[in-house]
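The values are calculated or read from the model by the stated rules, or taken from the named source; none is laboratory data. Nothing here was measured: the structure is a model prediction, and the numbers come from that model. We place every Cβ from the backbone using ideal geometry, glycine too, and count neighbours over all the protein chains shown. Heavy atoms of the whole protein, side chains included, go into the accessibility calculation; ligands, DNA and RNA do not. Shrake-Rupley method; radii C 1.70, N 1.55, O 1.52, S 1.80 Å.
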Amino acid sequence: PDGAVVVGGFNSLNGGQMLIGRMLPSGAMDPAFSGDGLVPVNFGGTADYAWRVAVQADGAIVAVGRAGGAGGRFAVARVTSAGTLDGSFSGDGKVGTNFTAGNDEAHSVAIDGAGNLVVSGVANGGTSAARIAIARYLAT
């Protein structure tokens, strides 16, 4: 609503963390968001990616993607409008969900009327064809 641009991606430095960024309408990084406009999120493995982001009504940002490491899993992170991991979400602001022992990745996120997160993606067990995976995460 304030014209800021929110992005998600991958930080190849520091072991490959998910990265959430916020820019001012001018295109400059937003210093009011985490001090430099960037929030790295480490899920404990390597190659943590954000594929999609959504902004909640209170300005919190949700990023979904892949938590690296053995096999990979759905990665969901929520940061406050100030750019800190939101401890009211899963205790530490992030959650990883395994569907299979293979490569699971979240590719889309929607916020329902109650503020819950509906996340969809792919579950790839490695020995069978990839399947659609859907998870719902409570707002708190």
Evaluate the range 44-63: report whether one residue or more is in contact with a Phe, Trp or Tyr (Cβ under 6 Å, 6 or more places away or on another chain), surrounded by 13 or more Cβ atoms within 10 Å (Cβ to Cβ) and of a type in the set (Gly, Ala, Ser).
no
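Rundown of residues vs (1) within 19 Å of residue 3 (Cα to Cα); (2) part of a loop (DSSP other than H, G, I, E, B), yes/no style:
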site: 44; (1), (2): no, yes
site: 76; (1), (2): no, no
site: 82; (1), (2): yes, yes
site: 87; (1), (2): no, yes
site: 96; (1), (2): no, no
site: 109; (1), (2): no, no
site: 113; (1), (2): no, yes
site: 118; (1), (2): no, no
site: 134; (1), (2): no, no
The residue that is most open to solvent (accessible area, probe 1.4 Å), considering only those in the range 74-133 that are within 30 Å of residue 35 (Cβ to Cβ) and among the charged types (D, E, K, R), is 92
Of all residues in the range 2-27, how many are without any contact (Cβ under 8 Å) to a residue 24 or more places away in the chain and either closer than 18 Å to residue 64 by Cβ or open to solvent by 50 Å² or more (accessible area, probe 1.4 Å) (or both)?
8
I'd like to know if the range 62-72 contains one or more residues that are charged (D, E, K, R) and closer than 28 Å to residue 130 by Cβ.
yes
